[in-house]
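Just below is one structure, and these are the notes that go with it.
The values are calculated or read from the model by the stated rules, or taken from the named source; none is laboratory data. Keep in mind the model is a prediction, meaning the values are calculated, not measured. Heads up, the Cβs are rebuilt from the backbone with ideal geometry, glycines too, and the neighbour counts pull from every protein chain shown.
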Amino acid sequence: MNTFDKIALLLVIVGAVNWGCIGLFSLDLVALLFGEMSLMSRIVYSLVGLSGLWCVTLLFRDTEEVHQPVHA
C-alpha cells in the first residue's frame, strides 16, 4: 500500500465517521467545522467521495507482498 492509498483510506475513514455521526446523532461534523455547503466543506465531501472510488481499486489488487532476500 503506497502513500496515496493510505491518504485515500484515511479520507474514507473520515467520511465513515462523519456518516456515523449523522446517523447516530444527526450531527454533520464537516458542516459543523467548515459551514453548511461552504467551499471548504464541498472540497472535503468531494475528496472523501473520490477517495471512496479510489479505495474500490484496493479490493481488486493483489495484496501479497513479495520480499526479496537481502544479500550481504
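The residue pairs whose first member lies in the range 32-50 and is at negative phi, whose second member is part of a loop (DSSP other than H, G, I, E, B) and of a type outside the set (D, E, K, R), and whose beta carbons are closer than 9 Å, counting only pairs six or more residues apart or on different chains, are Ser41/Gly35; Tyr45/Met37. Checked against (1) at pLDDT 95 or above; (2) at negative phi, Ser26 passes all but condition (2). Any residue that is touching a residue at least 40 places away in the same chain (Cβ under 8 Å), surrounded by 10 or more Cβ atoms within 10 Å (Cβ to Cβ) and of a type in the set (D, E, K, R) - is there at least one of those in the range 8-31? No, the conditions are met nowhere in the range 8-31.
Within the range 38-66, can you find the residues that are assigned to a loop (DSSP other than H, G, I, E, B) and surrounded by fewer than 11 Cβ atoms within 10 Å (Cβ to Cβ)? Once the filter is applied, which keeps residues that are assigned to a loop (DSSP other than H, G, I, E, B) and surrounded by fewer than 11 Cβ atoms within 10 Å (Cβ to Cβ), the range 38-66 yields Phe60, Arg61, Asp62, Thr63, Glu64, Glu65, Val66.
Among the residues making up the range 42-72, those that are at pLDDT 95 or above and among the hydroxyl-bearing types (Ser, Thr, Tyr) are Tyr45, Ser46, Ser51.
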